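Step one of this worksheet: look at the structure below.
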Amino acid sequence: QVQLVESGGGLAQPGGSLRLSCAASGFTFSAYAMYWYRQAPEKEREMVASIPSVGDLTSYADSVKGRFTIARDNVQNTVYLQMNSLKPEDTAVYYCSVYVPVRKLRYWGQGTQVTVSS
């Protein structure tokens, strides 16, 4: 069974940093692209960052470019989101995700809350 477990969320001051982790199991992690999404209250879920299974052709939402970095460890089956220069508008629940084409399914973690406030 596919499992995605996020951790590392919490409270940060504007300009501060947080590092999110997502531990994956139940599938061949190294074969799939991984994603971070976020959802703020009363807003649509948006893709924040993605990383391919091989290489470093990462992509980011315009709102986080230059501040956030996605990375993966295919030995530890973990994907990370390093968030720097945090802004109050980054406040949201952050989810990691994987899409498995053969099953026509996208899988989600439980989410981790990030709050940026002074």
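Summary of computed values
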quantity: Given (1) surrounded by 13 or more Cβ atoms within 10 Å (Cβ to Cβ); (2) in a strand (DSSP E or B); (3) touching a residue at least 40 places away in the same chain (Cβ under 8 Å), index of the condition LEU11 fails; calculated: (1)
quantity: Condition check for LEU86: within 15 Å of LEU4 (Cα to Cα) and either part of a helix (DSSP H, G or I) or open to solvent by less than 60 Å² (accessible area, probe 1.4 Å) (or both); calculated: no
quantity: Looking only at segment 89-106, and only at residues there that are of a type in the set (A, V, I, L, M, F, W, C) and either under 14 Å from the mean Cα position of the chain (by Cα) or part of a helix (DSSP H, G or I) (or both), the one that is farthest from TRP36 (Cα to Cα); calculated: VAL102
quantity: Matching option when the condition is modelled with pLDDT of 95 or more and more than 19 Å from ARG106 (Cβ to Cβ), among SER59, SER7, SER25; calculated: SER7
quantity: Search result, residues across segment 22-35 that are of a type in the set (Ser, Thr, Tyr), in contact (Cβ under 8 Å) with a residue 60 or more places away in the chain and over 13 Å from TYR95 (Cβ atoms); calculated: TYR32
quantity: Residue in segment 36-67 that is surrounded by the most Cβ atoms within 10 Å (Cβ to Cβ), counting only those that are in contact (Cβ under 8 Å) with a residue 24 or more places away in the chain and assigned to a strand (DSSP E or B); calculated: TRP36
quantity: Top-ranked residue of segment 14-23 - restricted to ones that are out of contact with any Ser or Thr (no Cβ under 7 Å at 6 or more places or on another chain) and part of a strand (DSSP E or B), ranked as surrounded by the fewest Cβ atoms within 10 Å (Cβ to Cβ); calculated: ARG19
quantity: Whichever residue in segment 68-81 is of a type in the set (S, T, N, Q) and part of a loop (DSSP other than H, G, I, E, B) and, among such residues, is nearest to GLU6 (Cα to Cα); calculated: ASN77
quantity: Residues satisfying the stated conditions in segment 107-118, i.e. assigned to a strand (DSSP E or B) and under 18 Å from GLU44 (Cβ atoms); calculated: TRP108, GLN113, VAL114
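The values are calculated or read from the model by the stated rules, or taken from the named source; none is laboratory data. Everything numeric in this text was worked out from a predicted model, so none of it was measured. Every residue, glycine as well, gets a Cβ built from its backbone with ideal geometry; the counts of neighbours run over all protein chains shown. To get the accessible areas, we keep the full protein, side chains included, count just its heavy atoms, and leave off ligands, DNA and RNA. Shrake-Rupley method; radii C 1.70, N 1.55, O 1.52, S 1.80 Å.
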